[in-house]
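Structure, as structure tokens:
The values are calculated or read from the model by the stated rules, or taken from the named source; none is laboratory data. Remember, it's a predicted structure, so these values are computed and weren't measured experimentally. Neighbour counts run over all protein chains shown; Cβ positions are idealised from the backbone, glycine included. Note: areas computed on protein heavy atoms with side chains; ligands, DNA, RNA excluded. Shrake-Rupley method; radii C 1.70, N 1.55, O 1.52, S 1.80 Å.
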Amino acid sequence: MPKIKNLSNACKVSFSPNGPISEEALERVRALLDEIRPLDVGLDNEAQRVSQIARNWNSSTRPSNGRRGRNGANQFTVPIKYLHIHECESFSMGIFCMPPSSVIPLHNHPGMTVLSKLLYGRLHAESYDWINVPDHPSDQLQARPAKLVRDCEMTAPETTILYPNRGGNIHTFRAITPCALFDVLSPPYSAEDRRHCSYFRKSLVNQQPSTWSPRNLSSQVVWLEELEDHQPPEGFVVARGLYKGSVIRR
């Protein structure tokens, strides 16, 4: 049986509409995702080309990330492609194919567990988790403090897991070389269930609450503002690509 079908079958018994049924079930899915290679999802030719490019790749000569739009948002010149594989009420699977210097902006996964496997290439990952502050305004558009969880490069093959409230649920990726990121989300985004994808930017305003003492603060804390109406930054475009791997049946 193709590895991608083994992975899908494991997801069907390991995930529910509320997420993973147990930590052990989640680890079983992670183990199978670890085994997935570009060949298993129809990306072997792309991976081979990237390998050839990487031998001569110089990160200092990579193309610029595009001009700035309103509010300092990047206007990306080359679209990222999303290859949809499968979605049901318990989980979704898909692959983001990212050109060099393209960026998936800072966004969240509310109430979701996410497994991400870098299939080929290199990228820079930056992720945060919210910090609970007593008496902080409930307005979601108000800047909120978040703690840095990851700020590092990822090199394929590498798999990570983030959870609803830990592990870097708010994150952004910047491709260093051409790369492909395989995501498994449980449960998937759902407007009906109020699991919207929200986008964020770093606030330039010092929002330090009076209840915090200096020992509570560090350079690892930033203030994040949510963009209105769940809209991504201006110029961020994801195009639908053609998935060439094994088809997953319901």
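Summary of computed values
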read-out: Test: residue in the stretch 62-78 that is surrounded by 13 or more Cβ atoms within 10 Å (Cβ to Cβ), under 21 Å from ARG240 (Cα atoms) and modelled with pLDDT of 55 or more; value: yes
read-out: Residue in the stretch 210-250 that is modelled with the lowest pLDDT, counting only those that are outside any helix (DSSP H, G or I) and open to solvent by 90 Å² or more (accessible area, probe 1.4 Å); value: SER210
read-out: Segments classed as strands (runs of 3 or more DSSP E), wholly inside the stretch 102-185, with at least 1 members that are open to solvent by 50 Å² or more (accessible area, probe 1.4 Å) and touching a Gly at 6+ places or on another chain (Cβ under 8 Å); value: 144-155
read-out: Residues within the stretch 172-200 that are of a type in the set (Lys, Arg) and modelled with pLDDT under 90, tallied; value: 2
